[in-house]
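Note sheet for the following structure.
The values are calculated or read from the model by the stated rules, or taken from the named source; none is laboratory data. In this text the structure is predicted, and so the values were computed from the model without any measurement. All Cβ positions, even for glycine, are placed from backbone atoms using ideal geometry, and neighbour counts span all protein chains on display. Just so you know, the surface numbers come from the protein's heavy atoms only, side chains and all, with ligands and any DNA or RNA stripped out. Shrake-Rupley method; radii C 1.70, N 1.55, O 1.52, S 1.80 Å.
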Amino acid sequence: MTHPAPTVTKNSLLETLQAFKRTSLLKAAVELGLFDALADGPRNAHQVAEAIDGDARAVRILLGAITAIGLLDTDGARYSLPPGAADLLVSSSPQYAGHAIKVNTSEWEWQAMRDLAGVVRKGGTGLVPDATEEGFSYWTDFAAEGTFVTRAATAALLEDIDEWAGGRPDLRVLDIGCGHALFGLEVTRQHPQAELHGLDRAEVLVQAKAHAERMGLTARTTFLPGDAFTTPLDGPYDLIVVANVLPMFSEEQGTRLLRRLAGALKPGGRLVTVGFTVEDKHPVEEHAAHVLSLLMLVATPAGQAHSRAASRRMLTASGYREISIRRVDPLPVHVVTAELDRR
């Protein structure tokens, strides 16, 4: 599908140039608890300043700017939450999304994007350590907070493997590069015969262990600190989950990892990959995947959101065949189930 190119205007350029200010406003408001302060109804600037323990003049300016970008409403005297804000920005709401601030506005990302031109000239990240190396602290925050798409992608994974997994007397699961481990933990919670092995860096596993404890699955969970390419895998496994891992690496590196995991699968076992994928559509339709590729450019030596063709090449070259593929709408996230090709 073709998309008519939008006209570039002074206003559209200005909106782009000032986008980081909008991000900073939202970040500050969440950190100050400003939306929580308005959860019980409208307040004037002085009342809000008292509620969040802020300077009266500074809070008045902040309220005006946040209202200007549409995150608050005002009648001229008092400020209130517009539709949707109570659900997404008040911390007591079940739909609260403010936790995503820490993941999406991390300090390393601000730093890396500051010299994006330099990254492009170099052809890869200048971060030390980069996102593929030990000590990259962002992954601890990611494991603690999760992402917007984790829940929907996990639901798709569970549905795709449900009948197959339910028919196996034992279900040893490996969640490789597990991060928060929520993919593997949800499989374990749904299938009583399952036991989970989650592999990631030791500092990241602290958060994964906390999730396992919260879900009451500690007794059926084992964590393997280390590196996906070198740490002994303690196989074989019935199910191996590779979620949000392959975009961190080149196609060659991804193939090497998948080939290694093939040696840890039981006969009849399955491998499931989850991640953003480019489908050769117009970039407007795949905005999130292209932004992820940009993030991988500044964070890793060779990562990107791979195309569906590249993903298939990695699986085929590693000895797998696809059983099913599902897109998790509206984002270009795909859940792919595969097994070893015995033909």
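Residues of the range 65-93 falling in the label zone of K10, defined by backbone nitrogen less than 14 Å from a point 7 Å along Cα to beta-carbon, are absent.
Under a 1.4 Å probe, what is the accessible area of the range 94-169 per residue, stated in Å²? Please list the in-between numbers first.
Working: 4250 Å² over 76 residues.
Per residue, the range 94-169 has 56 Å² of solvent-accessible surface.
Estimated from helices alone, the mean residue ellipticity of the chain at 222 nm is -13000 deg cm²/dmol (sum of -39500 (n - 2.57) over DSSP H runs with n ≥ 4, per residue). Taking every alpha-carbon pair under 8 Å whose residues sit at least 6 apart, the chain reaches a relative contact order of 14 percent. Quick one: in the range 70-157, what % of C-alpha pairs are over 19 Å apart? Considering the range 70-157, 59 percent of its Cα-Cα pairs are separated by more than 19 Å. As an exercise, use a Förster radius of 22 Å and the Cβ-Cβ distance of Q190 and K266 to find the FRET efficiency, rounded to the nearest 0.05. My answer for the efficiency is 0.70. The simple Förster model, with R0 at 35 Å and r as the Cβ-Cβ distance, assigns A202 and D162 a FRET efficiency of 0.60.
Restricting things to alpha carbons, find the Rg to Rh ratio for the range 185-241 using the Kirkwood radius for Rh.
0.95
Put the Cα centre of the range 97-130 next to the Cα centre of the range 22-46 and the gap is 26 Å. Given the C-alpha centroids of the range 278-316 and the range 201-243, what is the distance between them in whole angstrom? The two parts, judged by their Cα centres, are 26 Å apart.
If the segment from I52 to D280 were pulled out straight at 0.36 nm per residue, it would be longer than the present Cα-Cα gap by 77.4 nm. Taking all protein chains into account, the per residue accessible area for the range 194-269 stands at 42 Å² (1.4 Å probe). When the residues T140, T230 are ordered by accessible surface, computed with a 1.4 Å probe over the protein chains alone, the sequence from largest down reads T230, T140. Its Cα centre serving as origin, the range 167-306 has a Cβ charge dipole (Lys and Arg +1, Asp and Glu -1) of approximately 420 debye. Assuming charge only on the beta carbon of Lys and Arg (+1) and of Asp and Glu (-1), the dipole of the range 95-208 about its Cα centre is about 260 debye to the nearest 20. For the chain, the longest principal axis of the Cα atoms and the long axis of helix 308-317 meet at an angle of about 30 degrees. For the chain, a crude dipole built from +1 on the beta carbon of Lys and Arg and -1 on the beta carbon of Asp and Glu, taken about the Cα centre, is about 660 debye to the nearest 20. Solvent-accessible area of the range 70-197 (1.4 angstrom probe, protein heavy atoms only): carbon and sulfur portion equals 51 percent.
So in the chain, what percent of DSSP beta bridges are antiparallel if you round to the nearest 5?
Of the beta bridges lying entirely in the chain, close to 45 percent run antiparallel.
Measuring only protein heavy atoms, the 1.4 Å probe finds L17 accessible over about 120 Å².
Across the range 16-74, the volume of the C-alpha convex hull divided among the residues equals 72 Å³ per residue.
Rg and Dmax of the range 5-125, based on Cα coordinates, read 17.0, 52 Å.
Show me, bin by bin at 10 Å from 0, the whole-percent P(r) of the range 148-216 based on Cα pairs. Each 10 Å bin holds this share of Cα pairs: 21, 53, 24, 2. The mean sequence separation of alpha-carbon pairs under 8 Å and at least six residues apart, normalised by the residue count of the range 6-103, gives a relative contact order of 25 percent. One chain, two ends: A28 and R327. Fully extended at 0.36 nm per residue, the span grows by 104.2 nm beyond their Cα-Cα distance.
What number, in percent, do you get for the relative contact order of the range 159-208 if the mean sequence gap of Cα pairs under 8 Å and at least 6 apart is divided by its residue count?
40
Only one residue of V291, V336, I323 has its Cα farthest out toward the positive end of the dipole of the range 223-343, where Lys and Arg carry +1 and Asp and Glu -1 on Cβ, and that residue is I323. Using only alpha carbons, the range 243-343 has a radius of gyration to Kirkwood radius ratio (Rg to Rh) of 0.98.
On average, how much area does the Cα convex hull of the range 127-249 cover when viewed from any direction, in nm²? Display every interim value, and only then the final one.
Values: hull surface 29.6 nm².
Projected over every direction and averaged, the Cα hull of the range 127-249 covers 7.4 nm².
Gain on full extension, evaluated as 0.36 nm per residue between T316 and D234 minus their Cα-Cα distance, stands at 27.1 nm. Against the chain, whose longest principal axis is taken from its Cα atoms, helix 287-299 shows a tilt of about 80°. Take 180-189, 116-125, 73-82 and order them by the average number of nearby Cβ atoms within 10 Å per residue, most first; the result is 180-189, 73-82, 116-125. Working note: Cα gyration tensor of the chain, eigenvalues times five, square-rooted, sorted largest first, giving semi-axes of 39, 25, 19 Å.
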